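Note sheet for the following structure.
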Amino acid sequence: LSATQEIRLDPNLKDLPVVAMTANAMQGDRDRCIAAGMNDHVAKPIEPEVLWQALLKWIKPRHSISSITESGPQPEDETLVPTDINGLDINNGLRRMMGKKALYVSMLRKFVTGQKLTPSNIISALYSEDWSGAERLAHTLKGVAGNIGATGVQELSGNIEVAIKARNMREEIDVLIEELAASLNILVLQIETKLPKEPEMISVEVNPKLLREVCEKLDALLSQDDANAAEVMNENADMLHTAFPNDYMKIDESILACDFEAALAALRSATAVTS
């Protein structure tokens, strides 16, 4: 909101489209975004069609719509997706990932590693009187849960977010957190049990010239916050793991978490040691 207000103070940016994308879906949240000078509001979890409509409404396409939609056949994604997980609407989650199974599975892994301790982290924040931090944790879990189709956890974390924002009695909030923790633990256990095993890294002979080219490409992508860095990591996983055994996981996990700054720092640290 503050950034948009600053942008609108510059006459040269008066026509710049600004669209909110947030898990705050109440009418009051939308009204605050519009009042700050934004053009539109797209609520999370993102519905692909709604997002495309917003983009097409506010941004003039560089190409004709037909040239964008007319693409050739896509290769079959043979990634194994878990099934029959209580509390997880897999079809809904896949739809939000545009049917990309590998992306959906990676989001499930990210959800497990990044969110399973959220209830205890919320409690710690509340004990420290960090109400805004606790609210942010609940808000993040709500958004991520919605993205993967975990509607029950999404609703429970949303209830906690509202209760914290309203500064309800701690006893009431604690009951909500206990309910969330129980539901989240069951969900995480099911996902961990049914997720396909990650392929083991294979030690390969490292071609110095190829390694340098791949690292330079990764560096450029990460410097521009370009998510295509994840594809480069996947395509060269064995070589990068062999070349940087101590730094590979930090780089890979940071990219998966979209923390491109941390990934870039880890990559440069690794390449500095080997150069």
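Counting only Cα atoms, the range 96-165 measures 41, 20, 15 Å along its principal axes, largest extent leading.
In plain terms, the chain from Arg167 to Ser203 could stretch by 7.6 nm, reckoned as 0.36 nm per residue minus the Cα-Cα distance.
The peptide list 32-45, 6-19, 146-159, put in order of mean Cβ contacts within 10 Å with the highest first, becomes 146-159, 32-45, 6-19.
Here the label points at Cys258 and Val175, each 7 Å from Cα along the C-beta direction, are separated by 3.5 nm in the simple model. With 30 Å as the limit, the listed pairs Lys194/Lys217; Lys14/Lys110; Lys44/Lys100; Lys60/Lys100 have Lys194/Lys217; Lys14/Lys110 beyond it between alpha carbons. For the range 161-196, the list of trypsin sites (Lys or Arg not before Pro) that fall in a loop by DSSP and count at most 15 other C-beta atoms within 10 angstrom reads Arg167.
Taking the radius of gyration and the Kirkwood hydrodynamic radius from Cα positions alone, what is the Rg/Rh ratio for the range 107-265, to two decimal places? Ratio value, two decimals: 1.09.
Over the chain, dividing the summed -39,500 (n - 2.57) contributions of all DSSP H runs of at least 4 residues by the number of residues returns a 222 nm mean residue ellipticity of -19500 deg cm²/dmol.
Size of the chain from its Cα atoms: along the principal axes, largest to smallest, the extents are 60, 49, 39 Å. Remark: the range 135-151, residue by residue, has Karplus-estimated 3J(HN,Hα) of 5, 5, 4, 5, 4, 5, 4, 4, x, 5, 4, x, 4, 8, x, 8, 5 Hz, where x stands for each Gly or Pro and the curve is 6.51 cos²θ - 1.76 cosθ + 1.60 at θ = phi - 60°.
Summary of packing: across the peptides 53-61, 258-266, the per-residue average of other C-beta atoms within 10 Å ranks them, highest first, as 258-266, 53-61.
With a 1.4 Å probe rolled over the protein heavy atoms of all chains, the accessible area of Tyr104, Tyr127 falls in the order Tyr127, Tyr104, largest first. Between the listed residues Ile255, Asn236, Thr271, the Cα displaced farthest toward the positive end of the dipole of the range 215-275, a dipole computed from Cβ unit charges relative to the Cα centre, is found at Thr271. When the Cα gyration tensor is reduced to axis lengths a ≥ b ≥ c, the ratio a/c is 1.5 or higher for the range 1-68, and with a/b not above b/c it is classed as oblate.
Computed from label points 7 Å out along Cα-Cβ, the spacing between Glu129 and Met249 is 3.8 nm. Straightening the chain between Gln53 and Lys194 buys 47.2 nm, computed as 0.36 nm per residue apart minus the Cα-Cα spacing.
Spin-label model, Ala272 to Met98: label points 7 Å out along the Cα-to-beta-carbon direction sit 3.6 nm apart. Summarise the accessible area of the chain (1.4 Å probe, protein heavy atoms) by the percent that is carbon and sulfur. Exposed carbon and sulfur together represent 54 percent of the surface. Ranked by the mean number of other Cβ atoms within 10 Å of their residues, highest first, the peptides 136-145, 184-193 fall in the order 136-145, 184-193. Give me Rg over Rh for the range 1-157, both radii from the alpha carbons and Rh done the Kirkwood way, two decimal places. We get a ratio of 1.03 for the range 1-157.
What is the range 147-231 by shape, rounded, prolate or oblate, if you read a ≥ b ≥ c off the alpha carbon gyration tensor as root eigenvalues and call it rounded for a/c under 1.5, prolate for a/b larger than b/c, and oblate otherwise? Judged from the Cα gyration tensor, the range 147-231 comes out prolate (a/c at least 1.5, a/b above b/c). With Cα atoms defining each centre, the range 38-56 and the range 151-187 are spaced 27 Å apart in the structure.
If the Kirkwood radius is taken over C-alpha pairs of the range 197-275, then at 25 °C and 0.890 mPa s the Stokes-Einstein diffusion coefficient equals 199 µm²/s.
With contacts taken as Cα pairs under 8 Å and at least 6 residues apart, the chain reaches a relative contact order of 13 percent.
Scanning residues 5 or more positions from His41 or on other chains, those with amide H under 5 Å from its amide H are Ala20, with H placed 1.01 Å from N in the peptide plane.
The values are calculated or read from the model by the stated rules, or taken from the named source; none is laboratory data. All values reported here derive from a predicted model rather than from experimental measurement. Here the Cβ is made from the backbone with ideal geometry for all residues, glycine too, and neighbour counts use every protein chain on show. These accessible areas exclude ligands, DNA and RNA; they are computed on the full protein's heavy atoms, side chains included. Shrake-Rupley method; radii C 1.70, N 1.55, O 1.52, S 1.80 Å.
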